Amino acid sequence: MCQDTELLRCYAAEGSERAFSELIARHVDLVYSAALRLVNGDTHRAQDVAQQVFVELARQARAVSRHPTLTGWLYTTTRRLALRTIRTEARRGARERAFHRMNETLQTSDENSDWARLRPALDESMHALREPDRLAILLRFFRNKSLREVGATLGLTENAARMRLDRALEKLRTQLARRGIDSTAAALAVALADNAVATAPAGWAATLAGASLAQATLPASTVGILKIMAMTKMQTTAAALALAGAVTALLVVNQWRLAALAERDALRRQMTQLNAANADLSRRLGQEKRSRSLHASASVVRGGPAATGEEVYTNLYDRLDAKAKTITADKLRNYLDTNHRNATSLLAAYRVSHDPALLEEAKKNFPNDPQVAFEAALQTGLSPEEHRQWLDAFEKASPDNALANYLSAGDYFKNGQTEQALLEMAAAAGKAQFQEFTVDRIEADDEAYLNAGVSLVESRQLATTELLLPQLGQIKELALDMAGLAQSYQQAGDNDSAQNVLNMTAALGQRYGYDVPGEPLINELVGIAVQQIALKNMDPNAPFGDNGQTVQDALNTLARQRTQIQADDQQITALVQNLSEQDWMVYEDRTMMFGEQSAVQWLLSKYGQKP
């Protein structure tokens with residue numbers, strides 16, 4: 001029987017569908033079972049995740065053929081794609097409520113009670129194990145290999161494989177116990193043997209092979225069209241609501257245009273002073289760099305053999321910065337070729353290597369891609385005309401995304417075009433969507449680092465800690481511009497216009513003011529700051545919102561939120577000194593699924609929150 005690596009090389013070199021179909025037939029149950037657990041038993045979603053995994057395998061066949069074991073790669077990729085699927089759906093609504101309802105629906109009376117308790121925590125516990133221990137369990141219970149076959153794969157004797165498996169089961173039992181699930185290694189072995197692998201639907205492997213190979217060769221735009229065609233009725237309803245919001249925006253724009261024209265002469269006289277203040281603010285803000293949980297100076301001791309000749313860093317972020325500087329465009333050549341130098345791969349390679357030629361290639365070949373236009377609009381060193389060109393391109397490429405209007409408004413303020421800035425703010429207020437592509441950028445950068453030879457843990461750390469978020473500084477500057485405009489209205493006696501401007505500014509802050517899955521904690525702090533800028537210019541006793549609050553009540557709530565975040569950050573700064581690589585991965589996964597504030601609370605809960 002051909003080894004997995006031989007089949008992969010055969011497919012990569014010759015495009016052999018027979019070889020790829022054989023790989024799917026061997027591993028489909030493993031992938032489907034892991035996906036089924038991760039999506040809480042939803043068979044249709046599990047099939048979708050499994051198909052994504054094999055599409056990824058087809059696209060990355062040449063690189064994966066160099067991986068030590070295909071089983072481990074498939075298991076890790078299944079988890080990553082399943083979490084991304086869960087997170088994407090949860091971003092449309094209340095994630096934790098949706099999970100609660102889904103779990104209630106999926107519970108069945110005839111399900112084995114031990115397995116019912118074990119299943120939700122199994123995969124998270126598995127990923128907390130070291131790779132050799134996890135692989136031993138995967139081969140024995142998920143691939144149904146004999147101990148002799150497990151030993152052959154791991155380079156061990158049959159007896160050594162048995163000992164490795166016993167130790168791995170004991171470590172898995174310990175991980176489960178930390179999550180409140182008590183068992184024994186023997187009971188775990190029985191539960192895994194009976195339940196770990198669910199049989200994929202009959203005949204599905206053949207269908208999956210064709211679909212995976214087809215999607216692996218399609219352009220990215222065609223895959224997107226297929227996904228749109230598969231929208232559910234609920235998604236279609238959401239699209240209709242977004243369209244209604246866009247129509248509302250047009251009405252609001254018309255009203256604001258009339259008001260802006262009436263105030264034009266007064267605003268132009270007042271903008272000289274505002275522009276001077278904005279120029280000073282721009283120098284102070286610069287680019288904001290994302291640092292995980294705001295504690296970029298945290299010291300994490302990482303031991304390493306001095307014999308390697310490499311400098312040993314005691315600060316995690318110094319070590320990651322040093323690692324990031326070693327990534328060049330040459331190291332990413334295979335990654336780019338594998339992805340056919342599409343827009344996503346070019347942008348990721350640009351962010352990872354800082355090679356401007358890659359961004360220029362993306363701008364030339366994909367000028368209508370929303371993320372390309374977004375990245376280009378954030379590029380430093382552009383002339384005012386070039387900056388305006390890419391802001392307009394971003395609006396055109398992402399017409400339902402309010403962020404494009406907000407960034408455009410900030411640029412108009414900077415150039416003294418207050419009328420246009422107000423029109424952009426009004427347009428943004430009528431749009432429900434607000435997308436900074438942060439999660440997409442992190443995932444693409446993670447893949448780029450991996451393909452450049454960085455380890456699994458470090459690639460995730462680099463993808464999150466090295467990502468620049470210069471738009472946050474621009475958003476805060478925009479809030480200050482709006483507050484200055486409101487003050488000028490107040491001085492002119494036009495309190496109604498001032499209140500409208502401040503309400504729009506507060507609404508901008510609320511776009512950031514919630515713990516969004518996958519978004520960094522710094523976003524929430526920026527949202528709080530923007531809301532405070534707006535509220536501090538209002539009458540503190542005036543009503544605010546529809547819950548009976550006053551402006552002062554809202555300010556007090558924001559102050560408490562900010563204080564809590566800062567208090568948590570002080571404790572996190574101390575905790576990360578001893579944070580293991582496994583806990584880093586869990587922390588990042590929780591951030592992606594529930595938001596960073598939720599991940600912070602998990603970390604404090606695990607390591608003990610100080611009173």
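The values are calculated or read from the model by the stated rules, or taken from the named source; none is laboratory data. Predicted, not measured: the structure shown is a model, and the values here were computed from it. Glycine also receives a Cβ, built like all others from the backbone with ideal geometry; neighbour counts cover every protein chain displayed.
Quick look at the numbers
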{"item": "Filtered residues of the stretch 429-454 (kept if under 28 Å from Val501 (Cβ atoms), in a helix (DSSP H, G or I) and under 13 Å from the mean Cα position of the chain (by Cα))", "result": "Thr438"}
{"item": "Within the stretch 154-172, considering residues that are within 35 Å of the chain's Cα centre (by Cα) and surrounded by fewer than 19 Cβ atoms within 10 Å (Cβ to Cβ), the one modelled with the lowest pLDDT", "result": "Leu154"}
{"item": "Residue match in the stretch 381-400 (condition: part of a helix (DSSP H, G or I) and of a type in the set (Lys, Arg))", "result": "yes"}
{"item": "Residue identified as under 33 Å from the mean Cα position of the chain (by Cα), buried (at least 21 other Cβ atoms within 10 Å of the Cβ) and over 30 Å from Glu588 (Cα atoms) among Ala506, Ala486, Ala534", "result": "Ala534"}
{"item": "Residue satisfying condition, being touching a Lys or Arg at 6+ places or on another chain (Cβ under 9 Å) and under 17 Å from Asp369 (Cβ atoms), within set Asp411, Asp400", "result": "Asp400"}
{"item": "Leading residue by the ranking (farthest from the chain's Cα centre (by Cα)) among those in the stretch 1-26 that are in contact (Cβ under 8 Å) with a residue 60 or more places away in the chain, buried (at least 19 other Cβ atoms within 10 Å of the Cβ) and closer than 15 Å to Gly72 by Cα", "result": "Asp4"}
{"item": "Where Thr505 falls short, out of the listed (1) within 27 Å of Ile86 (Cβ to Cβ); (2) in a helix (DSSP H, G or I)", "result": "(1)"}
{"item": "Residue in the stretch 411-432 that is modelled with pLDDT under 90, in contact with a Ser or Thr (Cβ under 8 Å, 6 or more places away or on another chain) and over 15 Å from Leu478 (Cβ atoms) present", "result": "yes"}
{"item": "Matching residues, the stretch 554-579, being buried (at least 16 other Cβ atoms within 10 Å of the Cβ) and either hydrophobic (A, V, I, L, M, F, W, C) or more than 23 Å from Ala599 (Cβ to Cβ) (or both)", "result": "Ala554, Leu555, Leu558, Ile565, Ile572, Leu575, Val576, Leu579"}
{"item": "Yes/no for Ile475 being outside any loop (DSSP other than H, G, I, E, B), over 17 Å from Ala402 (Cα atoms) and β-branched (Val, Ile, Thr)", "result": "no"}
{"item": "All positions within the stretch 173-204 that are in a loop (DSSP other than H, G, I, E, B) and modelled with pLDDT of 75 or more", "result": "Arg179, Gly180, Ile181"}
{"item": "Sole residue being at pLDDT below 50 and either closer than 15 Å to Val454 by Cβ or of a type in the set (Asp, Glu) (or both), chosen from Asp337, Asp280", "result": "Asp280"}
{"item": "Qualifying positions in the stretch 554-593 - over 20 Å from Leu462 (Cα atoms) and either at pLDDT below 75 or not in a helix (DSSP H, G or I) (or both)", "result": "Ala574"}
{"item": "Those residues of the stretch 330-380 which are in a loop (DSSP other than H, G, I, E, B) and closer than 23 Å to Ala61 by Cβ, in sequence order", "result": "Asn339, His340, Arg341, Asn342"}
{"item": "Where a residue in the stretch 348-377 is over 15 Å from Ala463 (Cβ atoms) and touching a residue at least 60 places away in the same chain (Cβ under 8 Å) and its partner, wherever it lies, is outside any helix (DSSP H, G or I) and among the hydroxyl-bearing types (Ser, Thr, Tyr), with Cβ under 7 Å and at least six apart", "result": "Pro370/Ser398"}
{"item": "Within the stretch 139-168, considering residues that are in contact with a Gly (Cβ under 7 Å, 6 or more places away or on another chain) and among the aliphatic types (A, V, I, L, M), the one nearest to Tyr75 (Cα to Cα)", "result": "Ala161"}
{"item": "Residue count, the stretch 361-396 (criterion: surrounded by fewer than 19 Cβ atoms within 10 Å (Cβ to Cβ) and small (Gly, Ala, Ser))", "result": "2"}
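Here is a yes/no grid of residues against (1) surrounded by 20 or more Cβ atoms within 10 Å (Cβ to Cβ); (2) under 21 Å from the mean Cα position of the chain (by Cα); (3) modelled with pLDDT of 90 or more:
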{"position": "Leu456", "(1), (2), (3)": "no, yes, no"}
{"position": "Leu468", "(1), (2), (3)": "no, yes, no"}
{"position": "Asp481", "(1), (2), (3)": "yes, no, yes"}
{"position": "Asp496", "(1), (2), (3)": "no, no, no"}
{"position": "Leu502", "(1), (2), (3)": "yes, no, yes"}
{"position": "Tyr512", "(1), (2), (3)": "yes, yes, no"}
